[in-house]
Amino acid sequence: MTRLAQMLMSALTVGAVFGAATSLVNGISHSYADLESRAYTTSGWSIAEIVSVLLDSGWAWAGLAVAVGWLITRAGESHPTALAQGAAAGALALLAATTAYSVVDTIRTAEHFSWYGAEPLVWWITSVIFGAPLGAVGACAKRPGTIGLLARLTVPVGATVQMIVLPPGRNEVVETIGKTIVWTVAAASIGFIVVRFLAERELVRRRR
């Protein structure tokens, strides 16, 4: 199998698994929800619901495209080639994720799904529009210097901003738990990325 074929298969597989898993977790979360109970509606939560909220957030789907772009890029590859491969992989991953999500949702709910309707077309176009640049960002994550640093910070910073602008959850308890988890992981990730970047720069400076 050629390098290009492996790249395409990896992007499609990772995206499909992510989309299917998100749909399944959403289904499990709904099965635990007792929305007829006022107490559960206003303050109830479950682990499945928290996982569902995290997986079904915009930052997580954006992180999928970035991660796939990083995954398929080889260190030392020419910059234009890496960007093109990362962009293609990011778009394919989100296309596969949205398709797998729709398929599993249709099977799980036994509802009819129109593949030629407006809604899936909108999601597929959105996957390409956002997946390509996000995949390119992932490809840049292996680069040294400031560009690589900014690329690696994209997902944790984006997740932090989303928790401020559009926090997850249907009630205050779910929202608080979701924000706490995301902010904690994001802060740890940002700290690790910055410290590693500074350490690498110091090592290069000493070698010189």
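The values are calculated or read from the model by the stated rules, or taken from the named source; none is laboratory data. Quantities reported herein were computed from a predicted structural model and do not represent experimental measurements. Cβ coordinates were reconstructed from backbone atoms using ideal geometry, including for glycine residues, and neighbour counts include every protein chain displayed. Areas reflect the complete protein model, heavy atoms only, side chains present, ligands, DNA and RNA absent. Shrake-Rupley method; radii C 1.70, N 1.55, O 1.52, S 1.80 Å.
Full extension of the chain between residue 161 and residue 146 yields a length gain of 3.3 nm, computed as 0.36 nm times the residue separation minus the alpha carbon distance. Along its principal axes, the chain has C-alpha extents of 67, 38, 25 angstrom, given from the largest down.
Given the range 166-205, report the % of alpha carbon pairs whose separation exceeds 14 Å. Here the long-distance tail beyond 14 Å is 60 percent of all Cα pairs in the range 166-205.
The region of the chain that goes longest without hitting one of the chymotrypsin sites (Phe, Trp or Tyr not before Pro) in a DSSP loop, each with at most 13 other Cβ atoms within 10 Å, is 1-112. The label point for residue 6 and the one for residue 171, both projected 7 Å from the Cα toward the Cβ, are 5.0 nm apart.
What the Kirkwood sum gives for the range 112-208 is a hydrodynamic radius of 16.2 Å, with every pair of different alpha carbons counted. Using R0 = 41 Å, the C-beta based FRET efficiency linking residue 106 and residue 187 works out to 0.60. Counting only alpha carbon atoms, the long axis of helix 118-140 and the longest principal axis of the chain meet at about 30°. Relative contact order, whole percent, for the chain stands at 26, derived from Cα pairs under 8 Å and 6 or more residues apart. In terms of the mean number of neighbouring beta-carbon atoms within 10 Å, the peptides 135-147, 152-164 order highest first as 135-147, 152-164.
Shape summary: the range 54-111 maps onto an equivalent ellipsoid whose semi-axes, from the alpha-carbon gyration tensor, are 29, 12, 7 Å in decreasing order.
Once the 1.4 Å probe is applied to the protein heavy atoms, the chain comes out at 58 Å² accessible per residue. Between residue 42 and residue 204, residue separation times 0.36 nm minus the direct Cα-Cα distance comes to 52.9 nm.
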